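The values are calculated or read from the model by the stated rules, or taken from the named source; none is laboratory data. All values reported here derive from a predicted model rather than from experimental measurement. No Cβ is skipped: glycine too gets one built from the backbone with ideal geometry, and neighbour counts run over all protein chains shown. Note: accessible area is taken over every heavy atom of the protein model, side chains too, but ligands, DNA and RNA are not part of it. Shrake-Rupley method; radii C 1.70, N 1.55, O 1.52, S 1.80 Å.
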Amino acid sequence: MVQGKTIVVKVGSSLLANAERLTPRWAFMHNLLEDLARLRESGAKVILCSSGSVALGMNMIGERPETAGLRDKQAAAACGMPLLLNGYKQVAHEYNFEIAQVLVTLRDLEDRNRFLNTKNTVDRLLVADIMPIINENDTITTQEIRVGDNDRLSAKIAQMLQADILVILTQVDGLFDRDPSEPGAQLVEELSDVSPYLAVTEGVSSLGSGGMLTKIQAAHMAQNAGCETLIAHGEYEQPVTSVLNGQRRHTRILANERPESAWANWLSDRLQMAGSIVVKAETAEAFKSGPRHIGREDVLSIQGPYVKGDVIHIYGESGSELARGLTNFSSDETMALARNPSLSAMQLLGYKTGGTLITDKNMIVLDDRHLPWDLPSGEGMTDVTRLD
Ligand code: GLU
């Protein structure tokens, strides 16, 4: 059944670190890797996204997760990562396979070239039959430039590898129709439209960075990429295969049967907003018939700073998000072009350029399958007509 399938498994910090003592939970790691060895032997390509480095490094720096600041967490990750990976390596050897570490940052997922470079590395490891273990490089990322949770990170990896299944192991049985501690809360066994659940999923766990919200966002990214997501409790014998075989409760979020291209998914599924523009009413109207070039004459306001090659969010005047696209110019350049319509791009920027801000090929017009993001509030949003 799993023969030839690509399966991404995400495990949260609470499964890997004892909440009180912040020490490794070796029994869980054994269970997990034994099960992943079984999956590999059945012909699946398995990729593990593992949290745990921050929690497992806390003791070494004398901190607690509840009080640790960003710098503490960065240092804790540097301490915890070797402990975690050394653990994985030794346990994997018991089950007769090799692992390798891939640490990524937000930029490696949001920048197209880096995204493809990361994909090539992971593909090469899979060709060598080595199980990649992926985590965010928490030691060098700050609040502004981090993914922050491994749920969405694992979905990006699933999208990158065009995986068939994403399994998210956590500390609850799956998604509930309301806070699971409320009486009468029901497990949602299967769903395809995640949007009604976004409001009921805001709790965050004390050890990890995600909660159910980031899991639902992750499942949404995965489904757009044609990948099914299974969310289940991690504390179980054969934690992954028991879910894949439907032997216990879990939530299954169905894959979109007609996924968009890898390029369209990469464009539309963003982890962080690099910047945005508001366009004129006529331009907004034109999106109804699909992607179109955006020129400087279309822009009303700009929110940066962003750089050439970033994917920016395009809004109508009412604040509704219409499209996302890869920009050919930085926010400063865009501002210079939009504010000076009578001067050529050469005069303004000093180099030869066609002047299209975003081409139709590098754009995705949002529809029902996309979750729109709110227009950023006033700060940083500058009118092209306002001279400052
Ligand atoms: N990257 C973090 C770690 O290794 C965890 C992020 C998360 O909890 O999702 O500890």
What is the distance in Å between the Cα centres of the stretch 162-200 and the stretch 273-309? 35
Just the accessible area per residue of the stretch 1-142, please: how many Å² with a 1.4 Å probe? 43
Using +1 at the C-beta of Lys and Arg and -1 at the C-beta of Asp and Glu, which of PHE28, MET58, GLY12 has the Cα lying farthest in the positive direction of the dipole of the stretch 1-71? GLY12
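Given +1 on the Cβ of Lys and Arg, -1 on the Cβ of Asp and Glu, and no further charges, what dipole in debye does the chain carry about its Cα centre, rounded to the nearest 20?
Values: 37 positive and 50 negative charges, 191 e Å.
Its charge dipole is roughly 920 debye.
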Quick one: among PRO305, PRO183, PRO65, which has the greatest mean-square fluctuation in a GNM of the chain with alpha-carbon springs under 10 angstrom? PRO183
Positive end of the dipole of the stretch 327-388, charges at C-beta (+1 Lys, Arg; -1 Asp, Glu), about the Cα centre: which of VAL365, GLN347, LEU337 has its Cα farthest in that direction? GLN347
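With all protein chains present, how much of the accessible area of the chain (probe radius 1.4 Å) comes from carbon and sulfur, to the nearest whole percent? Display every interim value, and only then the final one.
Details: 8360 of 17330 Å².
After summing per-atom areas, the C and S share lands at 48 percent.
Calculate, in nm to one decimal, what ASP374 and SER242 gain on full extension: separation in residues at 0.36 nm each, minus their alpha carbon distance. Each step should come with its number before you reach the end.
On the way: separation 132, 0.36 × 132 = 47.52 nm, distance 3.87 nm.
Extra length from ASP374 to SER242 when fully extended: 43.6 nm.
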Keeping all protein chains in the complex and leaving out DNA, RNA and ligands, what accessible area do you get for ILE99 with a 1.4 Å probe, in Å² to the nearest 10? 10
Let me test this: with uniform point scatterers at the alpha carbons of the chain, what is the Debye-based log₁₀ I(q)/I(0) at q = 0.07, 0.11 1/Å? -0.35, -0.81
In debye to the nearest 20, how big a dipole does the stretch 74-134 give about its Cα centre with +1 on each Lys and Arg Cβ and -1 on each Asp and Glu Cβ? 180
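What relative contact order, as a whole-number percentage, does the stretch 1-50 give when Cα pairs under 8 Å and 6 or more residues apart are counted? Numbers along the way, then the final one.
Working: 52 pairs, mean separation 30.4, N = 50.
So the answer I get is 61 percent.
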Whole number in Å², please: accessible area per residue of the stretch 282-388, 1.4 Å probe, ligands, DNA and RNA not counted. 53
Do you know the relative contact order of the chain, to the nearest whole percent, from alpha carbon pairs under 8 angstrom that are 6+ apart? 14
Asserting the computed 222 nm helical MRE of the chain (DSSP H runs at least 4 long, -39500 (n - 2.57) per run, divided by residue count, to nearest 500) equals -10000 deg cm²/dmol
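Local charge sum around VAL172 (other residues, Cβ-Cβ under 12 Å, Lys/Arg +1, Asp/Glu -1)? The partial results should precede the final answer.
On the way: positive: LYS215, ARG249; negative: ASP173, ASP179, GLU235.
Around VAL172, the surrounding residues sum to -1.
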In nm, to one decimal, how far is the modelled label at ALA281 from the one at ASN113, with both set 7 Å along Cα→Cβ? 4.2
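What shape does the stretch 306-388 take by its C-alpha gyration tensor, where a ≥ b ≥ c are the square roots of the eigenvalues and a/c under 1.5 counts as rounded, a/b above b/c as prolate, and the rest as oblate?
Values: a/c = 2.46, a/b = 1.45, b/c = 1.69.
Verdict is oblate for the stretch 306-388.
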Classified through the alpha carbon gyration tensor (a ≥ b ≥ c as square roots of its eigenvalues; rounded if a/c is under 1.5, else prolate when a/b is larger than b/c, else oblate), the stretch 34-134 comes out oblate
Just add up the charged neighbours of THR121: K/R +1, D/E -1, any other residue whose Cβ is under 14 Å from the Cβ of THR121. +1
By per-residue mean of other Cβ atoms within 10 Å, what is the highest-first order of 148-160, 347-359? 148-160, 347-359
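Subtracting the Cα-Cα distance from 0.36 nm times the residue separation, let me have the gained length for GLU235 to GLN162 in nm, one decimal. Intermediate results must be reported in sequence, preceding the final value.
On the way: separation 73, 0.36 × 73 = 26.28 nm, distance 2.74 nm.
Additional length available on full extension: 23.5 nm.
Express in nm, to one decimal, how much length is gained between THR121 and SER318 on full extension, taking 0.36 nm for each residue of separation and deducting their alpha carbon distance.
Gain in length upon complete extension: 66.6 nm.
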Would you calculate the separation in nanometres between label points at GLU41 and ASP332, each defined as 7 Å from the Cα along the Cα-to-beta-carbon direction? 5.9
HN-Hα J in Hz across the stretch 177-189 - Karplus 6.51, -1.76, 1.60, θ = phi - 60°, x for Gly and Pro: 6, 7, 3, x, 7, 6, x, x, 4, 10, 6, 8, 7
Relative contact order (%) - criterion: Cα under 8 Å, at least six apart; region: the stretch 164-285: 31
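State to the nearest 20 debye the size of the charge dipole of the stretch 321-388 about its Cα centre, where the only charges are +1 on K and R beta carbons and -1 on D and E beta carbons. It would help to have the intermediate numbers written out before the result.
Working: 6 positive and 10 negative charges, 73 e Å.
Dipole size: approximately 340 debye.
Once you have a ≥ b ≥ c as the square roots of the Cα gyration tensor eigenvalues for the stretch 109-249, tell me rounded if a/c is under 1.5, and otherwise prolate or oblate according to whether a/b is larger than b/c.
Values: a/c = 1.84, a/b = 1.43, b/c = 1.28.
Judged from the Cα gyration tensor, the stretch 109-249 comes out prolate (a/c at least 1.5, a/b above b/c).
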Just to be sure I understand the model, the point goes 7 Å from the Cα along the line to the Cβ. What's the resulting LYS352 to ASP129 distance in nm? 5.4
